[in-house]
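Q: Submitted below is the structure of interest, expressed as structure tokens.
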Amino acid sequence: QVQLVESGGGLVQAGGSLTLSCVASGRTFSNYFMGWFRQAPGKEREFVGVISWSGRSINYADFVKGRFTISRDNAKNTVYLQMNSLKPEDTAVYYCAARYGTIGTLTDEYTYWGQGTQVTVSS
């Protein structure tokens, strides 16, 4: 089992920045690919980005490229999502997720999920 706890969400004005953290416990964190997803009210959960266990391979959804950055610190069992130039349409609950094996972009590919952290961007 892998337990994931997100933090760092909040209310920010458009154009502002937030950094989300996701701390993992349980099995060896460094073996897992870590993804970030988000879900806005009335919408399906969507892929934001994913980072490989080594940190060398990172994929982003097109709508966040150039604005969001994913990183991880395996010594701290933590993955981060740095979000810059935030827009009102980025308002959502943000989730981190873990999967073993390869990079994935679909929610069904992930085994473990955090409880989510709310990000609200005001215009």
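Q: Relative to the Cα centre, what is the charge dipole magnitude of the chain, using +1 at the beta carbon of each Lys and Arg, -1 at the beta carbon of each Asp and Glu, and rounding to the nearest 20 debye? Walk me through the numbers before you get to the answer.
A: Working: 11 positive and 9 negative charges, 52 e Å.
About 240 debye.
Q: How many percent of all Cα-Cα pairs in the chain sit more than 22 Å apart?
A: 26 percent
Q: Taking segment 17-79 on its own, what percent of its Cα-Cα pair distances exceed 20 Å?
A: Counting pairs separated by more than 20 Å, the tail of P(r) holds 29 percent.
Q: Once fully extended, how much extra length lies between Arg67 and Ser7, figured as 0.36 nm per residue of separation less the alpha-carbon to alpha-carbon distance?
A: Gain on extension, Arg67 to Ser7, equals 19.7 nm.
We did not get these values from a lab; they are worked out from the coordinates using the rules stated. Since we're looking at a predicted model, the values are computed, not measured. For neighbour counting, all protein chains shown are included, and Cβ atoms are generated from backbone atoms with ideal geometry for every residue, glycine included.
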